[in-house]
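Enquirer: Structure in structure tokens, see below.
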Number of protein chains: 2
Amino acid sequence: MIAKHQATLDAAVQALHGRTFFAAFPENPSPEIYGADADVQGREKFAALRGQHFTELQQGPPEGWAGQEESPYEQAPLGIKYPFYSPDTLVKHAQGAFDEWRKVKPALRAALLTEALEGMKSRFFEIAYATMHTTGQAFMMSFQASGPHAADRALEAIAAGYEEQTRFPEETRWEKPMGKYSIALHKTWRAVPKGLALVIGCSTFPTWNTVPGMFASLVTGNPTIIKPHPKAVLPIAIVVAEVQKVLQEHGLNPCICQLGVDADDHLIAKELAENPAIKLIDYTGGSQFGDYIESLKGKTVFTEKTGVNSIILDSCDDLDKVAQNLAFSVSLYSGQMCTAPQNFFIPETGVKVGDTQVPYEEVVQKLAAAVTGLATNPKAGAHVLGAIQNPGTHERVKQLAFEGGRSILDAGSVDHPTFKNARTCSPSIHEVDARHVEQFSQELFGPIMLVIKTKSTQESIHLAAKLAREHGAISCGAYTTDLIVKEQIMDEMSLAGTPVSFNLTGGIYVNQNAGFSDFHVTGGNPAGNASFTNPEFVIKRFTWVGFREPA
Amino acid sequence: MIAKHQATLDAAVQALHGRTFFAAFPENPSPEIYGADADVQGREKFAALRGQHFTELQQGPPEGWAGQEESPYEQAPLGIKYPFYSPDTLVKHAQGAFDEWRKVKPALRAALLTEALEGMKSRFFEIAYATMHTTGQAFMMSFQASGPHAADRALEAIAAGYEEQTRFPEETRWEKPMGKYSIALHKTWRAVPKGLALVIGCSTFPTWNTVPGMFASLVTGNPTIIKPHPKAVLPIAIVVAEVQKVLQEHGLNPCICQLGVDADDHLIAKELAENPAIKLIDYTGGSQFGDYIESLKGKTVFTEKTGVNSIILDSCDDLDKVAQNLAFSVSLYSGQMCTAPQNFFIPETGVKVGDTQVPYEEVVQKLAAAVTGLATNPKAGAHVLGAIQNPGTHERVKQLAFEGGRSILDAGSVDHPTFKNARTCSPSIHEVDARHVEQFSQELFGPIMLVIKTKSTQESIHLAAKLAREHGAISCGAYTTDLIVKEQIMDEMSLAGTPVSFNLTGGIYVNQNAGFSDFHVTGGNPAGNASFTNPEFVIKRFTWVGFREPA
């Protein structure tokens, strides 16, 4: 098993340090790569699960059945019921599996988990349709984000965990010269797992945001309970089932990795999180619950919460290309991404394009036109925007208004070519006053673009950095042809713990983060305390303990 | 500067991963190594500082002068006054130095700090006498612990910080194949310091326990304020002065590293710790203040607090050698070490020695005889025991009694050959009932040995692990010739985050932790959340931030 996956693991570790392009799982859902029938079979398998009990898990007799997913494309329930276990039962199962799992060496754990990713790969299309009909993502994003990109992020966590646990010797001879003689000790070290782990998922990226913490906790020897968002269970349930299958096939307790769904009438995240046996918690979601998770005593916690992402417009070579790129970024999955830009800072003096200064209002109208052009493009609009996951988001976007601001573009509905009942919404654009910081200092989830007229690029940078420092940010886009301004943005945003993408045009967007290259979230501002996948993300999950005796 | 120290740094990084014996600073205070006059000069320099203002620091005009050190050997004040600065002033100075220091590349920071250790080395003897007359350590320990061993721990932190900050590329070209074309980005990363750092020192190991956090924060670009214990300032004041000298010589602001002493009439640690600009705190000392430090919001905190260290006696080859080794461990610096053993678990059935079972009472009396033998040895006793740092400790040892227990050996006074007025105390031994866990579940600082009669080695292991898990432990010694018992101890203590030394006899002791080989404190139990020096100790002090743009 170790030999089977060692090359993949070694390549992944190397990629982590080279940070050049690396992908173990192809992102293109083409028949040439995944097989001629893969798409149809995946769609059929997903269809067959609807209205049924999900019976793939190997966690013992269920205490009930629960499930409340509904498709944002159909605005109708999926009708899938998952086995329910109380938090106490889940914890007892996990405790029963701890000794077995912690005694498996890191290299074998890494190999078994990589094997499980192969199982996940065989179900990428099924996971894609499950993601589509829980999150509202369009098919292409559902496939890529929940399938290959998530699997690569999982492999990244496995590789980082494997590397960190094998970075110090298992044993060594220590010999201290004492003049005429020497003292020799035989020393050994163990990477000791912290205990039980909990991963709390979100509704919009049910695998991508869950697998890093899940595989990081597992590879470091901690039995892990996955508590998905009640509206987005199926994609990660399939992944958990694949992990359990590999564990069971290798004679290990499947409860090393469990799915713990909420009951239909009560949520279980708090009870799980507060259980003293739970030592590690990964959380993706809103800041209020995230702050509560971070405040728990005696836990090591990894969070990705909310933030406000900024675009700083100073100068560029081709404003049309910039507007198209930004329109795509704000429209992609209707802005329901933690990396989606929200605040667009534009100086009242406009944007310098080549040698000319394009007036502020013209820049704003170009952005609005690009957004409208994309949303109303019959070949692209619906496939970029997808559907709105949550009816609440939909309502909020439609009713949004800012005192003292002005509406530049109203949210409109988008006709979906396949799903007539899809919950859709084109982006709305509002102009808000730079002095009303409170109006743009919170994350407004969904397809919402705020244009903020500033006195100058200096004020734009100052506001973007201040918001990131005080309210968090996960991405930042900047357009400038001025090297001094560029260095200033890098310096200010680095102190705000926020990565910056400069001058993106064409087919690459500020929202996108590449596994093995881009650290996702820095951990350096209120948007989250963890990062996919820096060494800290894995080493906090185990303890180095040493032993010595006379040699 | 970088070239000058690169070989040392590279060797130190390599040593961290080999974990074999490595020392950059010789621990033997011999004239052959340090020069014929080094000892005399060091003693004279220390004598010359007494009763004077300490004027070496380069932190601007003082707001006052403060100092309240006294020698445990003379029970008289040292009379040294240090420049006092209010917390606000210290923070303002540090903020003024931040931009300068964070923009120095990690490799140059590491070289400058290594250069400062060379300066420290030139003053090892002066530091040794300063340590002796503040902590009460005997000369040899004062020299080794505060000099070469501390400098090696500092170098370890520098090396780990340098390695972690250079572990990912500064820049790379990322090129993603997209079928007929590819997308290429130029990416760069910066290791961004967290902000201002504070290091709070303790009274017994003023440099050894301070320099790891101090040099870890400095090498990662954080201006650092050292707040020593008011009774043990001089040893670390000399180190700070040497760092400031190197900074000043290289055109950098000396306030990158400041000494912040308490005023004579009020302590400043809380006010410093709560200042919002302070982002990193290293703390060594009691658990109550340590728990307060850990509870502060918005800070990254590294603690070493109190714990209860156990000795498990099961079986051995030579009980006399074991008793001598343990008597030394409990006597070394009169038990005022965080690694000193306190609880000695002995089965009521006695200890198996070779093929015979030595009865419990005989084992206890052997330990008592060995302790008495060492304390009354005119050539060794005073030089191992040193003096008692704190009059409170002295009183407590003399008055200690346990309900339901019995006194096995009373604390006695020890005549010091040089200092007639030395505050000394030979170890006391008490037997306490294994059922009265509350009597031995706290750290009893000083030369105190508790003998706990257990039903069996199983109960000994159970209690030692439970105490470590619930109350913390930094070391554990175990004596067993049974491989199954040994593995059980390793397993139980590893889950309690406690390193174990097995079967030590001769010239190596459970109290000793070697730089570059033994992780000091694991971070895995309540005795502390940090470890000298694992990667976590340095990577939590900075944030990786990435930047990208079309290539």
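The values are calculated or read from the model by the stated rules, or taken from the named source; none is laboratory data. Source: prediction; values computed, not measured. Note: ideal-geometry Cβ built from the backbone for every residue, glycine included; neighbour counts use all protein chains shown. Areas reflect the complete protein model, heavy atoms only, side chains present, ligands, DNA and RNA absent. Shrake-Rupley method; radii C 1.70, N 1.55, O 1.52, S 1.80 Å.
Enquirer: Mind giving me the FRET efficiency for B:Asp88 and B:Gln458? R0 is 35 Å, r the Cβ-Cβ distance, nearest 0.05 is fine.
Expert: Values: r = 57 Å, r/R0 = 1.62.
Here the calculated transfer efficiency is 0.05.
Enquirer: Hey, another quick one. Could you estimate the translational diffusion coefficient of region A:486-536 from the Stokes-Einstein equation, with Rh from the Kirkwood formula over C-alpha pairs, at 10 °C and 1.306 mPa s, in whole µm²/s?
Expert: Details: Rh = 12.1 Å.
Rounded to a whole number, D works out at 132 µm²/s.
Enquirer: Quick one: compute the contact order of region B:310-502, relative version, from alpha carbon pairs under 8 angstrom and 6+ residues apart, as a percent. List each step's numbers first, then the result.
Expert: On the way: 367 pairs, mean separation 54.7, N = 193.
After rounding, I find 28 percent.
Enquirer: Moving on. Quick one: of A:Lys4/A:Lys245; A:Lys81/A:Lys227; B:Lys466/B:Lys540; B:Lys92/B:Lys121; B:Lys321/B:Lys466, which pairs are farther than 21 Å apart, Cα to Cα? Walk me through the numbers on the way to the answer.
Expert: Details: A:Lys4/A:Lys245 17 Å; A:Lys81/A:Lys227 15 Å; B:Lys466/B:Lys540 29 Å; B:Lys92/B:Lys121 30 Å; B:Lys321/B:Lys466 28 Å.
Beyond 21 Å between Cα atoms: B:Lys466/B:Lys540; B:Lys92/B:Lys121; B:Lys321/B:Lys466.
Enquirer: A:Lys231: accessible area at probe 1.4 Å, nearest 10 Å²?
Expert: For A:Lys231, the solvent-accessible surface is approximately 60 Å².
Enquirer: Please determine, in degrees from 0 to 90 and to the nearest 10, the orientation of helix B:148-165 with respect to the longest principal axis defined by the Cα atoms of chain B, where the helix direction is its Cα long axis.
Expert: 40
Enquirer: Between B:His266 and B:Gln95, what length in nm is gained on full extension when 0.36 nm per residue of separation is reduced by their alpha carbon distance?
Expert: Stretched out fully, the B:His266 to B:Gln95 stretch lengthens by 59.2 nm.
Enquirer: Given label points at 7 Å from Cα along Cα→Cβ, what nm distances, shortest first, separate A:Gly354 from the same residue in every other copy?
Expert: 9.8
Enquirer: Hey, another quick one. Rounded to the nearest 5, what is the percent of antiparallel bridges among the DSSP beta bridges in region B:160-251? Before the final figure, lay out each step's value.
Expert: Working: 7 of 11 bridges.
Around 65 percent antiparallel, to the nearest 5.
Enquirer: So, one more: Hand me the chymotrypsin sites (Phe, Trp or Tyr not before Pro) from region A:158-229 located in a DSSP loop with no more than 10 other Cβ atoms within 10 Å, in residue order please.
Expert: Numbers: sites: A:Tyr162, A:Trp174, A:Tyr181, A:Trp189, A:Trp208, A:Phe215; in loops: A:Tyr181, A:Trp208.
When the chymotrypsin sites (Phe, Trp or Tyr not before Pro) of region A:158-229 are filtered for loop state and at most 10 Cβ neighbours within 10 Å, A:Tyr181 remain.
Enquirer: In whole percent, what relative contact order does chain B give with Cα contacts below 8 Å and a gap of six or more residues? It would help to have the intermediate numbers written out before the result.
Expert: Numbers: 1255 pairs, mean separation 98.7, N = 551.
It rounds to 18 percent for chain B.
Enquirer: Going by amide H atoms built from the backbone, whose H comes under 5 Å of the H on B:Thr454, apart from near neighbours?
Expert: B:Ile346, B:Glu348
Enquirer: Please give the per residue volume of the convex hull enclosing the alpha carbon atoms of region A:25-91, rounded to a whole number of Å³. Working shown, then result.
Expert: On the way: hull volume 9.9 nm³, N = 67.
It comes to 148 Å³ per residue, whole-number rounded.
Enquirer: Related question: Evaluate the Kirkwood expression for the hydrodynamic radius of the protein assembly as shown, namely the inverse of the mean inverse distance over all pairs of different C-alpha atoms, and round to one decimal in Å. Numbers along the way, then the final one.
Expert: Details: mean 1/r = 0.0320 Å⁻¹.
Averaging 1/r across every pair of different Cα atoms and inverting gives 31.3 Å.
Enquirer: Can you compute 3J(HN,Hα) from phi for each residue in region B:207-223, using the Karplus curve 6.51 cos²θ - 1.76 cosθ + 1.60 with θ = phi - 60°, rounded to whole Hz and x for Gly and Pro?
Expert: 9, 4, 8, 9, 5, x, x, 4, 6, 5, 5, 5, 5, 8, x, 9, x
Enquirer: Then there is this: With N set to the number of residues, divide the alpha-carbon radius of gyration of chain B by 2.2 N^0.38 Å and report two decimals. Write down the numbers at each step before the final one.
Expert: Working: Rg = 24.5 Å, N = 551, 2.2 N^0.38 = 24.2 Å.
It is 1.01.
Enquirer: Same structure, new question: Hey, if you drop one equal point scatterer on each alpha-carbon of region A:310-502 and run the Debye formula without solvent, what base-10 log of I(q)/I(0) do you get at q = 0.08, 0.12 Å⁻¹?
Expert: -0.24, -0.55
Enquirer: Tell me, what HN-Hα J-couplings in whole Hz come from the Karplus equation 6.51 cos²θ - 1.76 cosθ + 1.60 at θ = phi - 60° for each residue of region A:264-272, using x for Gly and Pro?
Expert: 5, 10, 7, 8, 10, 4, 5, 4, 5
Enquirer: Roughly how big is chain B's charge dipole about its Cα centre, with Cβ charges of +1 (Lys, Arg) and -1 (Asp, Glu), in debye to the nearest 20? Spell out each step's value before the answer.
Expert: On the way: 47 positive and 60 negative charges, 307 e Å.
Result for chain B is approximately 1480 debye, rounded to the nearest 20.
Enquirer: Can you spot the aspartates and glutamates whose alpha carbon is less than 15 Å from B:Lys305's alpha carbon? Ignore those fewer than 8 places along the same chain.
Expert: Of all the aspartates and glutamates, those that pass the test against B:Lys305 - Cα under 15 Å, at least 8 places apart if same chain - are B:Asp282, B:Asp291, B:Glu294, B:Glu443, B:Glu470.
Enquirer: Also, I was wondering about something else. Helix B:234-249 against the longest principal axis of chain B: what's the angle in degrees, Cα atoms only, rounded to the nearest 10?
Expert: Value to nearest ten degrees: 20.
Enquirer: Still on this structure, please answer the following. Take the rotation relating chain A to chain B, measure from its axis to every Cβ in chain A, and name the nearest residue with the distance in whole Å.
Expert: Smallest Cβ distance to the axis, with its residue: A:Pro535, 3.
Enquirer: Shifting gears a bit: Is it possible to state the helix-based mean residue ellipticity at 222 nm for the protein assembly as shown, with each DSSP H run of 4+ residues giving -39500 (n - 2.57), the sum divided by total residues, to the nearest 500 deg cm²/dmol? What is it?
Expert: On the way: 38 runs with 438 residues, N = 1102.
Calculated at 222 nm, the ellipticity per residue is -12000 deg cm²/dmol.
Enquirer: Let me ask you something else. Name the long-range amide H neighbours of A:Leu78: under 5 Å, sequence gap of 5 or more, or other chain; modelled H, no Pro or chain starts.
Expert: It is A:Glu69, A:Glu70, A:Ser71, by chain and number.
Enquirer: Please report the antiparallel percentage of DSSP beta bridges with both residues in region B:310-502, rounded to the nearest 5. Walk me through the numbers before you get to the answer.
Expert: Values: 6 of 28 bridges.
Roughly 20 percent of the beta bridges in region B:310-502 run antiparallel, per DSSP.
Enquirer: Over chain A, what is the percentage of antiparallel beta bridges among all DSSP beta bridges, to the nearest 5? Don't skip to the end; give the middle numbers.
Expert: Values: 30 of 70 bridges.
Within chain A, antiparallel bridges account for around 45 percent of the total.
Enquirer: Right, here's the next one. Could you pull the copy-to-copy label distances for B:Gln52, with points set 7 Å along Cα to Cβ, in nm to one decimal and sorted shortest first?
Expert: 8.7
Enquirer: Something else now. Between copies, how far does the label point of A:Pro31 sit from its twins, in nm, shortest first, when each point is 7 Å from Cα along Cα→Cβ?
Expert: Inter-copy label distances (nm, one decimal, shortest first): 9.2.
Enquirer: Let me check something: with ligands and nucleic acids excluded, how do B:Thr372, B:Thr393 order by accessible area (1.4 Å probe), largest to smallest? Write down the numbers at each step before the final one.
Expert: Numbers: B:Thr372 55, B:Thr393 10 Å².
Most to least solvent-accessible, the answer reads B:Thr372, B:Thr393.
Enquirer: If you count only protein heavy atoms with a 1.4 Å probe, what accessible area per residue comes out for the protein assembly as shown, rounded to a whole Å²? Kindly include the intermediate steps, with their values, before the conclusion.
Expert: On the way: 38450 Å² over 1102 residues.
Each residue of the protein assembly as shown exposes 35 Å² on average to a 1.4 Å probe.
Enquirer: HN-Hα J couplings of region A:425-432 from phi, Karplus 6.51/-1.76/1.60, θ = phi - 60°, integer Hz, Gly and Pro as x?
Expert: In residue order, the calculated couplings are 5, 7, x, 9, 10, 10, 9, 10 Hz.
Enquirer: Here's something else I'd like to know. Describe numerically, in nm with one decimal, the distance between label points set 7 Å from Cα along Cα→Cβ at A:Glu438 and at B:Ser122.
Expert: Distance between the two pseudo-spin positions: 6.0 nm.
Enquirer: Then there is this: With a 1.4 Å probe on protein heavy atoms only, work out how much accessible surface B and A bury together, total over both chains, in Å² to the nearest 100. Present the calculation step by step, with values, prior to reporting the outcome.
Expert: Details: alone 22270 and 22250 Å², together 38450 Å².
Adding both sides of the contact gives about 6100 Å².
Enquirer: Taking H as built 1.01 Å from N, whose amide H comes closer than 5 Å to the amide H of A:Gln342, not counting residues under 5 places away?
Expert: Distant-sequence amide H within range of A:Gln342: A:Asn309, A:Ser310, A:Ile311.
Enquirer: Let me ask you something else. For chain B, take the longest principal axis of its alpha carbons; what is the angle in degrees between that and the long axis of helix B:360-375, to the nearest 10 within 0 to 90?
Expert: 60
Enquirer: Please report, for the Cα atoms of region B:412-551, the Rg to one decimal and the Dmax as a whole number; what are they, in angstrom?
Expert: Cα only, region B:412-551: 20.3, 76 Å (Rg, Dmax).
Enquirer: So if I take the alpha carbon set of region B:278-384, get Rg, then get Rh from the Kirkwood formula, what is the Rg over Rh ratio? Write out the running numbers ahead of the final one.
Expert: On the way: Rg = 19.0 Å, Rh = 16.3 Å.
That ratio is 1.16, to two decimals.
Enquirer: Same structure again: DSSP loop GluC sites (Glu not before Pro) in region B:97-196 with at most 13 other Cβ atoms within 10 Å of their Cβ, which ones?
Expert: Values: sites: B:Glu100, B:Glu115, B:Glu118, B:Glu126, B:Glu156, B:Glu163, B:Glu164, B:Glu170, B:Glu171, B:Glu175; in loops: B:Glu170.
Those satisfying the criteria are B:Glu170.
Enquirer: What whole-number value in cubic angstrom gives the convex hull volume per residue for the C-alpha atoms of region A:353-414? Can you show the working numbers first?
Expert: Values: hull volume 6.7 nm³, N = 62.
Given the Cα convex hull of region A:353-414, per-residue volume reads 109 Å³.
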